[in-house]
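Asker: Take this structure first; my questions come after.
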Amino acid sequence: MLKDILNTSPNYFYIAIFVLAFSAVIVSIPSVIYTSLKYGLFDKNDLYRKNHKRNISRLGGLAIIGSFTVCILLFSAIINFKEANFLIASCIILAALGLKDDVYGTNTSTKFILQIVVAFILVFFGAFRLTSLYGVLGIGDMAPIWGSFFSIVLIIFLNNAFNLIDGIDGLAGGIGILTSLVFGILFSLMGQVPYACIAFGLAGAIAGFLKYNWFPAKIFMGDTGALIIGLISAALAIKFIELNKFTQVNRPDFYSAPAIAVAILIVPIFDSLRVFTIRILKGRSPFKGDRNHIHHRLERLGLKPNWIVLASLALNTVILVATIALQRLGNFVLIFLIIGICVVFNAALSLSLLRKRKA
């Protein structure tokens, strides 16, 4: 009966998986907060980079990964979707890494090696691999080895990109829920039920977490949550691009899929590339933290965390809507358009900060 409902009315499944994931997180977060209070599992205040003035648990990511895992295992059994097993395995490994980092800390080399292992599992066992860049950077179809290598680099980059924007209450969660909801809607329109279920399951888990993470936050997602959101977003982006590949036997549901994927993930992508570039130009390690992220700059303008999140979501939405509306212009034009909007936004922000300093 469940399969019949799935085949005729998959929207009921999307709603069910969202509600189930949302409810599981809502119920579990108070227990996570209580356990953190009891055993002193807190984010130690870093006055240089962080703003909170009281001890707050960083273990919210456990609720996200727990809820997401249960939901996806349930629904993947119904639809017999075996690729989900590799995604769940990767999530569990990455969650263990994030948990250790949130509680005890982890050195950079260990984090990097485990992220490579996780990306390797997704690419070579889960088939989350790009085969073409559709002319982006002048690259068309790629040999399997180069496609696999690029996919691994992309997954690791997006893992860390979401981690880097997790510096303001609700920001990583807000961008994460927008990303997953958009992918869920696009996959549902394409008739790709398995990937739509994954996206809506993640969206529900993040939505439940946001209830406790919205300013002023009662709990943080930590590396556990940020890395998981980045990993799943990367996997969904790769599948979205591949399923919309233009071939002799496949007519895509969405044109310029790489540009649309970039637009969906533009806030973490742009912020990470910007700070990495500035750090390298200044002769510093690109992985050494600072307070030069976009959310830090908006904060220096006097915006509260909730308004910073809304501003970031607005920027993301404008770019996404423009990209989908103009999808037939092609990837080359659209990516330059996306870059142009980001550059204008960054220039306006820099000008505003300069005027404030002079005032």
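Asker: Two decimals is fine: what is log10 I(q)/I(0) at q = 0.07, 0.08, 0.09 Å⁻¹ for the chain, from a Debye sum with one equal scatterer on every Cα and no solvent?
Answerer: One equal scatterer on each Cα of the chain leads to -0.29, -0.38, -0.48.
Asker: Give me the 1.4 Å probe accessible area per residue for region 290-359, excluding ligands and nucleic acids, in Å².
Answerer: Spelled out: the 1.4 Å probe surface of region 290-359, per residue, equals 55 Å².
Asker: Could you grab the Rg to Rh ratio for region 57-142? Cα atoms only, Kirkwood for Rh.
Answerer: Here Rg/Rh amounts to 1.07.
Asker: Compare the Cα positions of Gly66, Ala348, Val262 along the charge dipole of region 1-358 (+1 at Cβ of Lys, Arg; -1 at Cβ of Asp, Glu; about the Cα centre) and return the one farthest towards the positive end.
Answerer: The residue sitting most towards the positive pole is Ala348.
Asker: Dividing the alpha-carbon radius of gyration of region 156-312 by 2.2 N^0.38 Å (N being the number of residues), what value is obtained?
Answerer: 1.10
Asker: Another question, then. Given the pairs Lys304/Lys356; Lys38/Lys288; Lys100/Lys218; Lys211/Lys304; Lys100/Lys211; Lys100/Lys304, which are separated by over 27 angstrom at their Cα positions?
Answerer: Check vs 27 Å cut-off fails for Lys38/Lys288; Lys100/Lys304.
Asker: With +1 assigned to the C-beta of every Lys and Arg and -1 to the C-beta of every Asp and Glu, and no other charges, what is the dipole magnitude of region 279-359 about the Cα centre in debye, to the nearest 20?
Answerer: 500 debye
Asker: Lys/Arg Cβ at +1, Asp/Glu Cβ at -1, dipole of region 1-358 taken about the Cα centre: which of Gly147, Phe162, Pro10 is farthest positive-ward?
Answerer: Phe162
Asker: Within the chain, which complete DSSP H helices have Cα atoms spanning at least 18 Å along the helix axis and a mean Kyte-Doolittle hydropathy of 0.5 or higher?
Answerer: 10-39, 60-79, 83-103, 108-124, 144-164, 171-190, 193-213, 222-243, 266-281, 305-325, 331-358
Asker: Treating the beta-carbon of each Lys and Arg as +1 and of each Asp and Glu as -1, no other charges, what is the dipole magnitude of region 1-358 about its Cα centre, to the nearest 20 debye?
Answerer: Around 1340 debye, computed over region 1-358.
Asker: Another question about this same structure. If you count only protein heavy atoms and use a 1.4 Å probe, how large is the accessible surface of Lys100, to the nearest 10 Å²?
Answerer: 110 Å²
Asker: Also, I was wondering about something else. Taking only the alpha carbons of region 273-324, what extent do you get along each of the three principal axes, in Å, biggest first?
Answerer: 36, 29, 14
Asker: Once label points are set 7 Å from the Cα along Cα→Cβ at both Phe112 and Ala347, what is their separation, rounded to one decimal in nm?
Answerer: 3.5 nm
Asker: Could you quote the convex hull projected area for region 221-359, Cα atoms only and averaged over all directions, in nm²?
Answerer: Averaged projected area of region 221-359's Cα convex hull equals 10.3 nm².
Asker: While we're here: Leaving ligands, DNA and RNA out of it, report the carbon-plus-sulfur percent of the accessible area of the chain at a 1.4 Å probe.
Answerer: That share works out to 68 percent.
Asker: Using Cα pairs under 8 angstrom and six or more residues apart, how large is the relative contact order of region 1-358, in percent?
Answerer: Relative contact order for region 1-358 comes out at 22 percent.
Asker: Per the helix-only calculation at 222 nm, which mean residue ellipticity applies to the chain, given -39500 (n - 2.57) for every DSSP H run of n ≥ 4 and division by its residues, nearest 500 deg cm²/dmol?
Answerer: Dividing the helical sum by the residues of the chain leaves -24500 deg cm²/dmol.
Asker: Taking 0.36 nm per residue of separation and subtracting the Cα-Cα distance, what length does fully extending Ile278 through Ile145 add?
Answerer: Length gained between Ile278 and Ile145: 44.8 nm.
The values are calculated or read from the model by the stated rules, or taken from the named source; none is laboratory data. It should be emphasised that the depicted structure is a prediction, and the values quoted were computed from it without experimental measurement. Here Cβ is always computed from backbone atoms with ideal geometry, including for glycine, and neighbour counts include all displayed protein chains. In case anyone asks, the SASA skips ligands and DNA or RNA and just uses the protein heavy atoms, side chains included. Shrake-Rupley method; radii C 1.70, N 1.55, O 1.52, S 1.80 Å.
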